[in-house]
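Before I ask anything, let me first share the structure, which is written out below as structure tokens.
The values are calculated or read from the model by the stated rules, or taken from the named source; none is laboratory data. Remember, predicted model here, so these are calculated numbers, not experimental data. With ideal geometry, Cβ positions are generated from the backbone for all residues, glycine too; neighbour counts draw on all protein chains shown. In case anyone asks, the SASA skips ligands and DNA or RNA and just uses the protein heavy atoms, side chains included. Shrake-Rupley method; radii C 1.70, N 1.55, O 1.52, S 1.80 Å.
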Amino acid sequence: METARAAYVHIPFCVSKCPYCDFNSYDNIPELKDDYVKALIREIRAADVSVLDTVYFGGGTPTSLPVRDLAALLTRLPHTEVAEITLEANPGTVDFRGLSLLRRMGFNRLSLGVQSFDDATLARIGRIHTAAEARTAYITARRAGFDNIGLDLMFALPGEKFDTLKFSLGEIIRLGPEHVSVYELSVEEGTPFARSRVETPSDDYKADAYLYIADTLSAAGYDHYEVSNFARPGYESRHNSTYWRNEPYFGFGAGATEYLGGIRRRKISSVPEYIDAVNSGKDLGEFEERVTGREKDFETVSLMLRTRRGLRADDFPAFADSFRRLTEKGMLTRDKGRLRATRQGLLLLNDLLCEVGEK
Ligand code: SF4
């Protein structure tokens, strides 16, 4: 069995729930934090974890936990000396002391959810921080010794004007992080944004905004290495690249997904039920599927086509017809046997993947 060299740890707590968020995160159960951390440690201990190349603490807001808890969790995860250890953080939940300690304890990559540098936009999307606090968090992280920082930017937000997006992107480039992730707001069912039928910009605006962001970041020296991700050379996310190569990984915590031995398995999402299941030795699986054959190949193709590296067409002969059709349509381009999505293909990625899936 292929050994997993990557681990994801889910921290499902947030200071306040953003109205667009459908992640497994909660702002109303802070009293469960201690029990959750203990359960996580138990879950990790019980797993046969190999020496890891990457560890990723995501959420939720991992930095809503005390530093000592994050450190306690990290020490339970064996990793190489050069492992990439990422911590997601939100402005408003970090300070110099905490970040310095986290850096010394081994976290070496910080992913900061700034989303926008426009205060009115941040307020509209329910973020707990202002643009000034986001700048301060970034500068503080640098002072604390983080030399690999990623900033998240969202676009197609309610009430967004091209000028505010331009300003936010300009601020990101001025700050100069090593990595930028860019997400279009998607209004998910069951969220307050969906219930209030919040209005988002038109599809034409979204397409223009995405291409503007891609062109501007590329001109500023960022490599557009995945549909939503940009990095300075050498700073591509090693952890996320594991997902995009469809390689195995551990997943710990409530609602975390793991992919081991060809089985993709999601853990119990409810935090109290997860804690209870760990403590009573019950099965933690909430959903499980074996990924094999054409389905596995389709997943791998779908993930690889998200990346600039693309894939070797010869590795996936069953998809040759779809590849040919999509190349004729200008959605894919072929170079020395490697296929990758064109600009048009990236823009219409979902359509492209639907078509790859057709026989
Ligand atoms: S901070 Fe992130 S995880 Fe938490 S509620 Fe907001 S979007 Fe969701």
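Roughly how many whole Å is it from the C-alpha centroid of the stretch 305-320 to that of the stretch 29-101?
The stretch 305-320 and the stretch 29-101 have Cα centres spaced 35 Å from each other.
For the stretch 1-148, I need the span (max minus min coordinate) of the C-alpha atoms along each principal axis, in Å, sorted largest to smallest.
50, 32, 28
Taking 1 over the mean of 1/r across every pair of different Cα atoms in the chain, what Kirkwood radius in Å do you get?
Values: mean 1/r = 0.0466 Å⁻¹.
21.5 Å is the Kirkwood radius here.
A further question follows. Considering only the chain, what is the antiparallel percent among its DSSP beta bridges, to the nearest 5?
45 percent
Could you give the nm distance between label points at E289 and D215, where each point is 7 Å from its Cα heading toward the beta carbon?
Placing both labels 7 Å along Cα→Cβ, they lie 3.8 nm apart.
Right, here's the next one. Starting from the Cα of N350, step 7 Å toward the Cβ, then list every residue of the stretch 155-172 with an amide N under 17 Å from that point.
Inside the label zone: 155-158.
Got a number for carbon plus sulfur as a percent of the chain's accessible area, 1.4 Å probe?
So the carbon and sulfur contribution to the accessible surface is 49 percent.
Output the pairs from K161/K336; K206/K329; K17/K282; K206/K267; K296/K336 with a Cα-Cα distance over 31 Å in this structure; if there are none, say none.
Details: K161/K336 41 Å; K206/K329 22 Å; K17/K282 29 Å; K206/K267 34 Å; K296/K336 25 Å.
Cα-Cα > 31 Å for K161/K336; K206/K267; rest within.
Sticking with this one: I'd like the GluC sites (Glu not before Pro) in the stretch 121-217 restricted to DSSP loop residues with at most 10 other Cβ atoms within 10 Å, sorted by number.
E189, E199
Still on this model: Determine the gain in length on full extension of the stretch F162-T257; use 0.36 nm per residue of separation and subtract their C-alpha separation, reporting nm with one decimal. Could the numbers behind the result be given before it?
On the way: separation 95, 0.36 × 95 = 34.20 nm, distance 3.60 nm.
Additional length available on full extension: 30.6 nm.
Per residue, how large is the accessible surface of the stretch 297-357? Use a 1.4 angstrom probe and give square angstrom.
For the stretch 297-357, the solvent-accessible area averages 55 Å² per residue.
Spelling out what I want: for every residue of the stretch 297-313, take phi, set θ = phi - 60°, compute 6.51 cos²θ - 1.76 cosθ + 1.60 (Karplus), and round to whole Hz; glycine and proline get x.
4, 5, 4, 4, 4, 4, 6, 5, 6, 6, 9, 5, 5, x, 8, 8, 4
Continuing with the same structure: Accessible area per residue, 1.4 Å probe, Å², for the stretch 179-224: what's the number?
54 Å²
Along the Cα-to-C-beta direction of S186, a point sits 7 Å from the Cα; which residues of the stretch 278-308 have their amide N less than 18 Å from that point?
299-307
Now, a different point. Please compute one quarter of the surface area of the Cα convex hull for the stretch 277-359 and express it in square nanometres.
With the hull built on Cα positions only, its mean projection is 7.1 nm².
Keeping every protein chain in place, order T327, T63 by accessible area at 1.4 Å, biggest value first, i.e. largest first. Each step should come with its number before you reach the end.
On the way: T327 45, T63 15 Å².
Most to least solvent-accessible, the answer reads T327, T63.
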